[in-house]
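Colleague: I have a structure I would like to understand better, so I am pasting it below and will then ask my questions one at a time.
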Amino acid sequence: MGAVIRAGLGVLAAGFVACASETSSPPEGATAPALPSGESARVDAGPAPSTPPPPDSGASDASSTALVPSGCIDDVSPGDHRFTCNGYTFDVRLPAKCKTGGCGIVLDVHGATMNAAMQDASTAMRAIGEREGYVVVQPNAKGTPPNAIWNPSADYDDVWAFLGLARTVYRVDPKRVHMTGFSQGGRMTFTFACKHADVIASAAPAAEIGCTEAEAKAAVREVPILYMHGTTDAVIGFGVAPPQRDAFVSAWALGDAVVVAGDDAYSWKRWTNAKGTVFEFIQHDWQATSTLLRGHCIPGSTDPGTVPGQLFSFACKPPNAFVWGEEVMKFFEAHPMP
């Protein structure tokens, strides 16, 4: 077991180091890496329907007719499914109330050494989506945990392509396409929020960074963002979080911060501009059980840390003032696409 843990920690460290030029914002004054092109990706998923609605049209014409499988999404029955596309696996929950289309969709992305099951153990997004009427897509990085790491240049296009296919097959409401992610998944969330702002209604990244001020300014629209980072994060140090926050405040001419909530263990603030765009930032002092993670954890998670290949639980030790997955969904429901 000791050898497995050491190997996994090596993968965790190597993943962040190897992807540092792509998955961590550069020091102040440095040049940011180029973002991948999301729209050029394809999914080796077989033939498309003869007259599919374009992905960006979503489910504006959601009717009582049954959903139609397409490509690698070959089963549209309600429940939990795993689809394989281009060598990636995607865990999807389709609520019964979404079986004829018209629901929202949440892309929920795990971090390094993790997989979709571990992510859901911390966010409970499948159950929350079931309750609130959202299809939930949780991709798995290639490799078996703990040897699972997201590579922006190699993986982002395929994840984006699958989300496009899912939006079409499930006839998703185009005003309710949302994304959240933890750690490396938070990096992907920031990237997609800036690069695909015409599709992502609102986003909730955690424990990572991902957009420069220039990229935020270049986005086709200002995506409402709820961002969380632990002050004692031992994996992605908290020092990168205030500059990431300030990049958006500057790029979008956000006003002064107002306090949303807080106590001695956390602070939750909101910035708003004249357009009504919001950026919310939560910093917390809670820590995971593992001293190797410390503040690299998810508040309110009940993750037992028992998924095969899991090195440690990513839950913050209780008590916590809020449940991250629940607050993410509240934020999404409050911020659909205009």
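The values are calculated or read from the model by the stated rules, or taken from the named source; none is laboratory data. These numbers were taken from a predicted model, which means no experiment stands behind them. Glycine gets a Cβ as well: all are built from the backbone with ideal geometry, and neighbour counts include every protein chain shown. Side chains included, ligands, DNA and RNA excluded: accessible areas come from the protein's heavy atoms. Shrake-Rupley method; radii C 1.70, N 1.55, O 1.52, S 1.80 Å.
Colleague: Just to be sure I understand the model, the point goes 7 Å from the Cα along the line to the Cβ. What's the resulting A127 to E326 distance in nm?
Modeller: 1.1
Colleague: Residue by residue through region 180-186, what is 3J(HN,Hα) from phi via Karplus (6.51 cos²θ - 1.76 cosθ + 1.60, θ = phi - 60°)? Round to whole Hz and write x for glycine and proline.
Modeller: 9, x, 10, 6, 4, x, x
Colleague: Another question, then. Which length gain, in nm to one decimal place, applies between K275 and S250 when the Cα-Cα distance is subtracted from 0.36 nm times their residue separation?
Modeller: Gain on extension, K275 to S250, equals 7.6 nm.
Colleague: State, to one decimal in nm, how far the label point of K142 lies from the label point of A261, with both points 7 Å from Cα in the Cβ direction.
Modeller: It is 4.0 nm.
Colleague: Quick query: amide H of V278 versus all other amide H atoms, modeled in the peptide plane; which residues come in under 5 Å with a sequence gap of 5 or more or a different chain?
Modeller: For V278, whose amide H was placed from the backbone, the distant partners under 5 Å are I225.
Colleague: What's the long-distance tail for region 197-338, i.e. % of Cα pairs beyond 26 Å?
Modeller: 25
Colleague: Enumerate the calculated ³J(HN,Hα) couplings along region 280-297 in order (Karplus 6.51 cos²θ - 1.76 cosθ + 1.60, θ = phi - 60°), each rounded to whole Hz, writing x wherever the residue is Gly or Pro.
Modeller: These are the phi-based 3J(HN,Hα) values: 10, 10, 10, 10, 9, 9, 5, 9, 6, 5, 6, 6, 6, 9, 6, x, 7, 8 Hz.
Colleague: Let me ask another. Please report, for the Cα atoms of region 126-210, the Rg to one decimal and the Dmax as a whole number; what are they, in angstrom?
Modeller: My reading of the Cα-based Rg and Dmax gives 12.9, 36 Å.
Colleague: Give the accessible area for M337 in Å² (nearest 10); use a 1.4 Å probe, count only protein heavy atoms, and leave out ligands, DNA and RNA.
Modeller: The accessible area comes out at roughly 30 Å².
Colleague: 5 Å is the cut-off here: which amide hydrogens, built 1.01 Å from N in the peptide plane, fall below it relative to V109, excluding neighbours closer than 5 in sequence?
Modeller: When sequence neighbours closer than 5 places are left aside, the close amide H contacts are T180, G181, F182.
Colleague: Right, next: Spelling out what I want: for every residue of region 85-94, take phi, set θ = phi - 60°, compute 6.51 cos²θ - 1.76 cosθ + 1.60 (Karplus), and round to whole Hz; glycine and proline get x.
Modeller: So the Karplus estimates, Gly and Pro as x, are 9, 6, x, 9, 10, 10, 8, 10, 10, 10 Hz.
Colleague: Roughly how much of C316 is accessible, in Å² to the nearest 10, using a 1.4 Å probe?
Modeller: The accessible area comes out at roughly 0 Å².
Colleague: Going through the cross-link list K217/K269; K195/K275; K97/K269; K195/K330; K99/K275; K195/K317, which pairs have a Cα-Cα distance over 30 Å in this structure?
Modeller: Listed pairs above 30 Å: K97/K269; K99/K275; K195/K317.
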